[in-house]
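The values are calculated or read from the model by the stated rules, or taken from the named source; none is laboratory data. Worth saying up front: this structure is predicted, and the values here are computed from it rather than measured. For neighbour counting, all protein chains shown are included, and Cβ atoms are generated from backbone atoms with ideal geometry for every residue, glycine included.
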Amino acid sequence: MLVWISFLILVAVFLAIDLGIFNREAHEITYKEATKWTIGWATLGLLFSGVIYLIYQEGLMQAPKAATTPIQSAIEYLTGYIIELTLSIDNIFVIAMIFKSFKIPKKYQHRVLFWGIVGALVFRGLMIGFGVVLIEKFTWTTYIFGAFLVYTAIKMAFSDDEHEFDPKKSFIYKTVRKLMPVTGRLDDQKFFIRRNGLVIATPLFLALILVEFTDILFALDSIPAILGITTDPFIVFTSNIFAILGLRSMYFFVANMLDSFHYLKYSLTVILTYVGIKLILANHFHLSIGLSLGIIILSVLAGIFLSLKYKKEHERPTT
């Protein structure tokens, strides 16, 4: 319990620092600023695998399986963190569409992302706890989770890249507009304004609701994916949280380069398919965590390499 409390306090400190630095005054996050924070969060996320090793080495936490060693726990965390970080690329694409649809200026986007991520921490925690209980109590649910991931992978592989998600046609957007008055104009970085005695939602609030809903939808893929690697609640939770904490700065780092990752969706397809198969076989055959980490890293690197090669081959020389 002490380890859980300490980690939650650490997360609260990170959020307080983020709120004090990024949200002190509305401003457009520069590429240089986003790069520094992306590197910083990624470094923290990777280094935390060493903390995981020490925690289990010192017996401060007990792994669900007695045969699991501290180094295996660290590798499980590292594998889960890379999975969550890679899957968040798709999330970034949808968030970019939401901001584009509601014409949210870049200087206000971080405010939406910050509060969206705070909500995501709560929802992810609940979903992780529910998922772990399901797998531990009802082992047959691994077949459902596994089949769902394979289905998602196939759907992703054959999805139409030219089709853009339109937030204003979504069920959530239409529901919010029915429940409360909404203005089409921004008022600085306010989520709500008061007019004629009425509380009216701004486009910033609509964007926040859709960002929250989008994260829940993506969690339906990402949480079963990491549960295919480990059912240790602490490892699942911490790897998710570090990936979420880095999502804000990563958005500003890669949002304008999404077209450069032409083949990355196939990396995600391979990862989801592998983890889905691993879940389906979980009750009959064990695939080592080392193999899982290797396949995931190779898939990501191959996707990046092929994407950069594709971009280079299709760039037209400027005159």
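Residue 220 satisfies every condition listed in (1) surrounded by fewer than 19 Cβ atoms within 10 Å (Cβ to Cβ); (2) farther than 24 Å from residue 11 by Cβ; (3) of a type outside the set (Val, Ile, Thr); (4) at pLDDT below 80 except (2). The combined condition, being part of a helix (DSSP H, G or I), under 19 Å from the mean Cα position of the chain (by Cα), surrounded by fewer than 14 Cβ atoms within 10 Å (Cβ to Cβ) and at pLDDT below 85, is not fulfilled by residue 114.
Of the numbered criteria (1) surrounded by 20 or more Cβ atoms within 10 Å (Cβ to Cβ); (2) at pLDDT 85 or above; (3) not in a loop (DSSP other than H, G, I, E, B), the one residue 301 fails is (1).
One line per residue, one yes/no per condition, for (1) in contact with a strand residue (DSSP E or B) (Cβ under 7 Å, 6 or more places away or on another chain); (2) outside any helix (DSSP H, G or I); (3) under 17 Å from residue 109 (Cα atoms):
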residue	(1), (2), (3)
216	no, no, no
226	no, no, no
231	no, yes, no
235	no, no, no
243	no, no, no
249	no, no, yes
269	no, no, no
277	no, no, no
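Among the residues making up segment 131-155, those that are assigned to a helix (DSSP H, G or I), under 19 Å from residue 65 (Cα atoms) and out of contact with any Ser or Thr (no Cβ under 6 Å at 6 or more places or on another chain) are 131, 133, 136, 137, 141, 142. Of the residues 107, 65, 103, 36, which is surrounded by fewer than 20 Cβ atoms within 10 Å (Cβ to Cβ), touching a His at 6+ places or on another chain (Cβ under 8 Å) and either of a type outside the set (Phe, Trp, Tyr) or more than 19 Å from residue 301 (Cα to Cα) (or both)? So the residue among 107, 65, 103, 36 that is surrounded by fewer than 20 Cβ atoms within 10 Å (Cβ to Cβ), touching a His at 6+ places or on another chain (Cβ under 8 Å) and either of a type outside the set (Phe, Trp, Tyr) or more than 19 Å from residue 301 (Cα to Cα) (or both) is 107.
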